[in-house]
Amino acid sequence: MVQTSALPMAGKRVLLIIGGGIAAFKCHELIRSLRKKGASVRAILTKGGAEFVTPLTIGALTEDKVYQDLFDLTDEAEMGHIELSRQADLVVVAPATADLMAKMAVGLASDLATTTLMATDKPVLIAPAMNVRMWEHPATTRNLATLRGDGVRVVGPNEGDMACGEFGMGRMAEPDEILGAIETILTPRGVLTGTRALVTSGPTHEPLDPVRYIANKSSGKQGHAIAMALAHLGAETTLVSGPTQLSDPTGVNVVHVKTAQEMLAACETALPADIAVFAAAVADWRAEAPANTKIKKIGEASPELKLVPNPDILKTVAQLNAPLRPRLVIGFAAETNDVLAHAKAKRLKKGCDWLVANDVSDGTGIFGGDENEVHLITDKGMEDWPRMGKAEVAIRLAARIAGHIKGAAA
Ligand code: CTP
């Protein structure tokens, strides 16, 4: 018999606000998965939500009353909007429609859902879902920025085919991704416990002689942040880092290397791992025969530099066979032109599962900076993430990784 107290989310209480969108049906699976993990779920069904899913089904899945009307006197006496939010550890809005997001952003309290959202002091997670044009509308962009500023967490949306027949961003995150995001908030140190992660970060230095080397502008900020985010979720994390100015992240096993060859050797030693993220900007070439002593000027002639290719670490690991190949291999693509076309081709060429692409051309301030604007390419398509801090990209990526790994394990 399963001890419910041993379940990872035992005792956690989720208040699920179901908005009016076709994606509401995904809440059935979400409720089931949450309850399987030991969480209790109480649901508020908006008027729009009730057009897509029935209170009967939701009530059967939550094994609780479904709350629908702000002015139901019995409800207000027994469990009003204040009490509903008080008795939850997390409020989840799924689907978060453009209308609900707009109401939240301005603080409208016109029905039970929005009143509860105004009354809550608990963390709030939204899973937006809407037509691509509505998602891209400047009003939604503004509202999203306001909500993020208010501390609201966001999972998804994804790109894909939509119920309205269009294709693009706006499809609600899958139940396993929402579950991953919920676990990250409610059991922040546990969701990746029992897994191993490998992350590469920073540049490599390829010596020409004892004082000179080939390098690049990578700061290591993104890779270090990812290692920290994965460790925070409980993964036993090894960070293989090239030379950077950064301090070692706490809770992470850091291996310092200089060259690409050393980085490959350190990665091979760190395997097996469940997750591997290759964020390092590895030099593609090294000097064939670095000089043992400083190369001297001889007259006016420039020295001939013979370069040979470095091993491709990502490709080498992505093409390993099970059980050595990590379950999820993620590459990065730093591009300066035709970012998406190059990135999509790179994912296939390298054989990795996901690829995080970014534009590092001059003027973006991304290489070495604190912000990043990335596109996540998976086998399901491509998502454009808004520009955000590198730490936030790392947290969001780690949550997606957790959702994927845990979803696959369930
Ligand atoms: N990478 C690697 N080993 C290399 C080169 C790259 O592990 N020798 C990894 C990087 O860590 C990154 C991905 O491969 O995750 C893509 O790196 P990038 O420099 O964009 O690609 P390249 O293969 O070097 O292609 P190009 O420079 O031609 O764009």
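Do me a favour and compute the ellipsoid semi-axes for the range 94-137 from its Cα gyration tensor, root of five times each eigenvalue, largest one first, whole Å. Mind showing how you got there, number by number?
Working: eigenvalues 80, 25, 13 Å².
Working from the Cα gyration tensor, I get semi-axes of 20, 11, 8 Å.
Give me the distance in nm between label points sitting 7 Å out from Cα along the Cα-to-Cβ direction at D248 and T378, one decimal.
With each label point 7 Å from Cα toward Cβ, the separation is 3.3 nm.
Rounded to the nearest 0.05, what FRET efficiency do I298 and L7 have when you use their Cβ-Cβ distance and R0 = 41 Å?
Working: r = 73 Å, r/R0 = 1.77.
The pair I298/L7 has a calculated efficiency of 0.05.
Loop only per DSSP, at most 16 neighbouring Cβ atoms within 10 Å: give me the GluC sites (Glu not before Pro) in the range 156-189, ordered by residue number. List each step's numbers first, then the result.
Details: sites: E159, E166, E177, E183; in loops: E166.
For GluC sites (Glu not before Pro) across the range 156-189 that sit outside H, G, I, E and B with at most 16 neighbouring Cβ atoms in 10 Å, the list reads E166.
Given the Cα-Cα distance of A109 and Q261 and 0.36 nm per residue of separation, how much length would full extension add, in nm? Mind dumping the intermediate values first?
Numbers: separation 152, 0.36 × 152 = 54.72 nm, distance 5.95 nm.
Additional length available on full extension: 48.8 nm.
Counting alpha carbon pairs within less than 8 Å and at least 6 residues apart, what relative contact order, in whole percent, applies to the range 118-196? Before the final figure, lay out each step's value.
Working: 92 pairs, mean separation 24.5, N = 79.
Rounded, it is 31 percent for the range 118-196.
Computing the accessible area with a 1.4 Å probe over protein heavy atoms, can you report the carbon and sulfur percentage for the range 280-410? Don't skip to the end; give the middle numbers.
Values: 3800 of 7150 Å².
Here it works out to 53 percent.
Only Cα pairs under 8 Å and at least 6 apart count here; give the relative contact order of the chain as a rounded whole percent. Kindly include the intermediate steps, with their values, before the conclusion.
Working: 869 pairs, mean separation 49.7, N = 410.
Here the relative contact order equals 12 percent.
Taking just the alpha-carbon atoms of the range 196-409, what radius of gyration and Dmax come out, in angstrom?
For the range 196-409, the Cα-based Rg and Dmax read 17.6, 65 Å.
Could you pull out the trypsin sites (Lys or Arg not before Pro) across the range 23-65 that fall in loop regions by DSSP (anything but H, G, I, E, B) with no more than 15 other Cβ atoms inside 10 Å?
On the way: sites: K26, R32, R35, K36, K37, R42, K47, K65; in loops: K37, K47, K65.
Qualifying residues, ordered by number: K47, K65.
May I ask you to give the solvent-accessible area per residue for the range 196-409, in square angstrom, as obtained with a 1.4 angstrom probe? All intermediate terms of the calculation are to be shown ahead of the outcome.
Details: 10360 Å² over 214 residues.
On a per-residue basis, the range 196-409 sits at 48 Å².
At 0.36 nm per residue, minus the direct Cα-Cα distance, what do D370 and K47 gain on full extension? Give it in nm, one decimal, please. Write out the running numbers ahead of the final one.
Working: separation 323, 0.36 × 323 = 116.28 nm, distance 4.23 nm.
Once the chain is fully extended between D370 and K47, it gains 112.1 nm.
Given a 1.4 angstrom probe, what's the average accessible area per residue across the range 12-186, in square angstrom? Before the final figure, lay out each step's value.
On the way: 7510 Å² over 175 residues.
Result: 43 Å² per residue.
Across the range 12-186, how large is the tail of the calculated P(r) beyond 26 Å, expressed as a percent of all Cα pairs? Intermediate results must be reported in sequence, preceding the final value.
Numbers: 3184 of 15225 pairs.
Every Cα pair in the range 12-186 considered, those over 26 Å come to 21 percent.
Just flag the trypsin sites (Lys or Arg not before Pro) in the range 193-266 sitting in loop per DSSP whose Cβ has no more than 11 other Cβ atoms within 10 Å.
Numbers: sites: R196, R212, K217, K221, K258; in loops: R212, K217, K258.
Counting only loop positions with at most 11 other Cβ atoms within 10 Å, the trypsin sites (Lys or Arg not before Pro) in the range 193-266 are K217.
Would you mind telling me which residue in A105, A94, A23 has the biggest mean-square fluctuation in a Gaussian network model of the chain, where springs connect alpha carbons within a distance under 10 angstrom?
A105
Of P309, P272, P207, which has the largest mean-square fluctuation in a 10 Å C-alpha GNM of the chain?
Comparing P309, P272, P207 in a Gaussian network model of the chain, the most mobile one is P309.
Determine the gain in length on full extension of the stretch R387-D209; use 0.36 nm per residue of separation and subtract their C-alpha separation, reporting nm with one decimal. Walk me through the numbers before you get to the answer.
On the way: separation 178, 0.36 × 178 = 64.08 nm, distance 3.95 nm.
The R387-D209 span can extend by a further 60.1 nm.
P(r) of the chain in 10 Å steps, Cα pairs, percent per bin?
Answer for the chain: a P(r) of 5, 21, 28, 22, 14, 6, 3, 1, 0, 0 percent.
Starting at 0 and stepping by 5 Å, how many percent of the alpha carbon pairs of the range 269-352 end up in each bin?
3, 12, 17, 17, 14, 11, 9, 8, 6, 3, 1, 0
If the cut-off is 26 Å between C-alpha atoms, which lysines fall inside it for K344, apart from same-chain ones fewer than 8 positions away?
K217, K221, K315, K380, K390, K406
The values are calculated or read from the model by the stated rules, or taken from the named source; none is laboratory data. What you see is a predicted model, and the numbers here were worked out from it, not measured in a lab. Backbone-built Cβ (ideal geometry, glycine too); neighbour counts: all protein chains shown. Quick note on the areas: whole protein, heavy atoms, side chains included, nothing else; ligands and nucleic acids left out. Shrake-Rupley method; radii C 1.70, N 1.55, O 1.52, S 1.80 Å.
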